[in-house]
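Input: a single structure, listed below in structure tokens.
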Amino acid sequence: MSSSASVISIEGLSKSYLTHPNPLRRLHAMFDRTQANGYEFHALKQVDLELKSGEVLGLIGRNGAGKSTLLQLICGTLTPTTGQVTVHGRVAALLELGAGFNPEFTGRENVFLYGSVLGLSRKELMARYNAIVSFAGIGDFIEQPVKTYSSGMYMRLAFSIATHIDPDILIIDEALSVGDGAFGRKSFERIMQLKERGCSIIFCSHSLYQVDALCHRAVWLDAGTVRMCGEPGEVISAYEEHLLDTPESAKAEPAKAPSVGRARITDTRVLCDGHSEMRLQSGASELRIEIDFRSDLTLPIPHAAVTIHLKDGTPVTSTSTHLTGQIADRDAEGRSSVTLLFSPCELLQGRYRISVHLLCEQGIHLYESAEAVASIEVIQESAEFGVARIPHQWITDV
């Protein structure tokens with residue numbers, strides 16, 4: 001739970017760059033400012049923001065909205081054009097993982113190099129070294145130059161160092177899916193541990209579900225300005241509305257979420273009135289969605305989730321076994337099956353897509369998504385319009 005004390009205060013923060021129409025103009029500007037003939041591009045404009053102690057703040061917005069610029073200004077890797085950022089406490093930033101590494105150094109040497117960049121003394125790093133190496137899980141490669149590492153190993157080591165410095169403030173830029181396999185889940189659990197300890201977090205992500213589930217507040221950045229700041233659900237709803245009103249969003253397909261854990265969807269079956277023909281009668285037909293999945297027996301049993309959305313990706317409804325408090329059975333080989341029924345299906349006339357997801361036991365961490373596993377057509381006889389029928393009652397006697 002957050003307190004009233006501020007760990008980050010941002011006042012009138014702006015960042016602008018002088019751009020030029022061509023390289024020759026840029027060269028002239030290097031020697032004679034009067035010949036610049038460029039124009040000023042504002043990456044960030046007059047941002048006022050505050051992060052409370054123990055608070056988790058979500059940052060959303062389109063690519064190019066200024067999110068990364070804001071995070072880099074907070075971390076001090078960029079200098080503001082105007083305004084100021086005041087930070088109280090040790091900051092760990094997961095922006096470009098491994099940006100502080102020297103490729104010629106071994107993993108061991110980079111632990112001390114990168115750790116010192118993040119503010120730890122050699123004595124503190126010595127005390128944490130074994131935990132860092134154990135968490136990264138790269139084995140004997142710790143003694144090899146990092147230029148020989150795969151990208152996954154590189155990211156594992158950087159993530160492990162950044163999250164073992166006991167930060168007061170953690171800044172995350174799309175880092176919850178760092179690494180692969182079981183490390184994706186482990187990295188998520190590490191971040192949740194820091195949250196529970198009272199670490200203040202800024203979480204920048206395109207995963208609106210995770211922002212809604214993790215954050216106390218959300219900030220929507222648009223073209224370098226704060227469009228909205230408040231309760232995550234309200235901010236996300238306004239942002240999604242904005243996306244629908246933007247021409248490009250009409251062409252966008254639902255994002256394909258990568259598998260980030262050791263649990264996977266093995267099969268899905270969608271039946272309309274018991275048949276494979278994807279056609280339903282609104283208010284009369286039954287929609288049946290069967291999901292088979294398999295998970296590592298060392299993990300808690302995952303939760304299954306379903307979203308129904310329009311062709312452009314706009315969600316119509318969603319549900320999960322986590323929301324209803326149900327846990328699937330699992331056999332000795334880690335196999336589980338669940339079935340979701342909409343009976344009768346109250347969708348109104350139109351075409352809809354169905355997507356299936358696997359979530360962790362907390363209903364937040366995403367193991368895997370199967371996007372658009374089926375496309376269904378709903379027909380109706382009544383004159384209603386919209387996307388779904390909501391239970392209601394008319395009262396005429398007053």
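Along the range 57-69, what does the Karplus equation 6.51 cos²θ - 1.76 cosθ + 1.60 (θ = phi - 60°) give for ³J(HN,Hα), rounded to whole Hz, x for Gly and Pro?
Ordered by residue, 3J(HN,Hα) equals 10, x, 10, 10, x, 5, 4, x, 6, x, 5, 5, 4 Hz.
Compute for the chain: radius of gyration divided by Kirkwood radius, i.e. Rg/Rh, restricted to C-alpha atoms, rounded to two decimals.
Details: Rg = 24.7 Å, Rh = 24.0 Å.
Using Cα coordinates only, the ratio equals 1.03.
Amide H to amide H under 5 Å from ARG217: which residues, 5+ apart in sequence or cross-chain, H placed 1.01 Å off N in plane?
Excluding prolines and chain starts, which carry no amide H, the hits are VAL56, GLY58.
Please report, as a whole percent, how much of the solvent-accessible surface of the chain comes from carbon and sulfur atoms (probe radius 1.4 Å).
On the way: 10600 of 20420 Å².
C and S fraction of accessible area: 52 percent.
For the chain, find the longest principal axis of its Cα atoms and tell me its angle to the long axis of helix 107-117, 0 to 90°, nearest 10.
80
Provide, as a two-decimal number, the C-alpha radius of gyration of the range 66-147 over 2.2 N^0.38 Å, N being how many residues it has. Don't skip to the end; give the middle numbers.
Values: Rg = 15.0 Å, N = 82, 2.2 N^0.38 = 11.7 Å.
Output field value: 1.28.
Any chance you could check the Cα centroid distance between the range 69-94 and the range 326-343 for me, in angstrom?
46
For the range 262-386, I need the span (max minus min coordinate) of the C-alpha atoms along each principal axis, in Å, sorted largest to smallest.
52, 27, 22
Which of the trypsin sites (Lys or Arg not before Pro) found in the range 304-336 are loop residues per DSSP with 14 or fewer other Cβ atoms within 10 Å of their Cβ?
On the way: sites: LYS311, ARG330, ARG335; in loops: LYS311, ARG330.
Sites meeting the loop and neighbour criteria: LYS311.
Nearest 10 degrees is fine. How inclined is helix 232-245 to the longest principal axis of the chain, computing both from alpha carbons?
That works out to roughly 80 degrees.
Among the listed pairs LYS52/LYS147; LYS15/LYS123; LYS15/LYS186; LYS15/LYS52; LYS45/LYS311, give every one whose C-alpha distance is greater than 31 Å.
Numbers: LYS52/LYS147 39 Å; LYS15/LYS123 37 Å; LYS15/LYS186 36 Å; LYS15/LYS52 23 Å; LYS45/LYS311 35 Å.
Distance filter (> 31 Å) returns LYS52/LYS147; LYS15/LYS123; LYS15/LYS186; LYS45/LYS311.
Work out the charge dipole of the chain with +1 on the Cβ of Lys and Arg and -1 on the Cβ of Asp and Glu about the Cα centre, then indicate which of SER355, PRO344, GLN380 is farthest towards its positive end.
The residue sitting most towards the positive pole is SER355.
Using the heavy atoms of the protein chains and a 1.4 angstrom probe, tell me the accessible area per residue for the chain in square angstrom.
On the way: 20420 Å² over 398 residues.
With the other protein chains kept in place, the chain gives 51 Å² per residue.
When all C-alpha to C-alpha distances in the range 118-218 are sorted into bins of 5 Å, what percent of pairs does each bin hold, rounded to whole numbers?
Calculated over all Cα pairs of the range 118-218, the distribution is 2, 11, 22, 23, 20, 12, 6, 3, 0 percent.
Got a sec? Charge dipole of the range 99-226, +1 on Cβ for Lys and Arg, -1 for Asp and Glu; which of THR225, PHE135, LEU118 is way out at the positive end?
PHE135
Under 10 Å, Cα contacts only: if you run a Gaussian network model on the chain, which one of GLU371, GLU240, GLU143 comes out with the highest mean-square fluctuation?
Between GLU371, GLU240, GLU143, it is GLU143 that shows the largest mean-square fluctuation.
Highest GNM mean-square fluctuation, the chain, Cα pairs closer than 10 Å: which of GLY224, GLY137, GLY184?
Largest GNM mean-square fluctuation: GLY137.
Farthest toward the dipole's positive end in the chain, which of SER320, TYR17, ALA65, given Cβ charges of +1 (Lys, Arg) and -1 (Asp, Glu) about the Cα centre?
Result: TYR17, furthest along the dipole toward the positive end.
State the Kirkwood hydrodynamic radius of the range 41-195 in Å, one decimal place, computed from all pairs of distinct Cα atoms. Walk me through the numbers before you get to the answer.
Values: mean 1/r = 0.0604 Å⁻¹.
Evaluated over the range 41-195, this radius sits at 16.6 Å.
Give me a comma-separated list of calculated 3J(HN,Hα) values for the range 299-313, in order, Karplus coefficients 6.51, -1.76, 1.60 applied at θ = phi - 60°, integers in Hz, x for any Gly or Pro.
These are the phi-based 3J(HN,Hα) values: 8, x, 4, x, 9, 9, 9, 9, 10, 10, 9, 6, 4, 7, x Hz.
Placing +1 at every Lys and Arg Cβ and -1 at every Asp and Glu Cβ, with all other atoms neutral, what dipole size does the chain have around its Cα centre, in debye to the nearest 20?
1320
All other residues with a Cβ under 15 Å from the Cβ of GLN144 taken together, and with Lys, Arg as +1 and Asp, Glu as -1, what is their net charge?
On the way: positive: ARG108, LYS147, ARG156; negative: GLU104, GLU109, ASP140, GLU143.
Counting the neighbours of GLN144, the net charge comes to -1.
So what is the calculated 222 nm ellipticity per residue for the chain, using -39500 (n - 2.57) for each DSSP H run with n of 4 or more, over all residues, to the nearest 500 deg cm²/dmol?
One gets -7000 deg cm²/dmol as the mean residue ellipticity at 222 nm.
Note down the net charge around PRO80, summing +1 for each Lys or Arg and -1 for each Asp or Glu among other residues with Cβ under 11 Å from its Cβ. Walk me through the intermediate numbers first.
Details: positive: LYS15; negative: GLU11.
Neighbourhood net charge equals 0.
Between Rg and the Kirkwood Rh of the range 290-350, both from Cα atoms, what is the Rg to Rh ratio?
Numbers: Rg = 14.2 Å, Rh = 13.4 Å.
Radius of gyration over Kirkwood radius for the range 290-350 works out to 1.06.
Using θ = phi - 60° and the Karplus relation 6.51 cos²θ - 1.76 cosθ + 1.60, list the HN-Hα couplings for the range 146-156 in order, rounded to whole Hz, with x at every Gly or Pro.
With the stated coefficients, the range 146-156 comes to 5, 5, 8, 7, 6, 4, x, 5, 4, 5, 4 Hz.
The values are calculated or read from the model by the stated rules, or taken from the named source; none is laboratory data. Just so we're clear, the structure is a prediction, and the values are computed from it rather than from any experiment. Using ideal geometry, Cβ is built from the backbone for each residue, glycine included, and neighbour counts are taken over all protein chains shown. Protein only, heavy atoms only, side chains kept; ligands, DNA and RNA dropped before computing areas. Shrake-Rupley method; radii C 1.70, N 1.55, O 1.52, S 1.80 Å.
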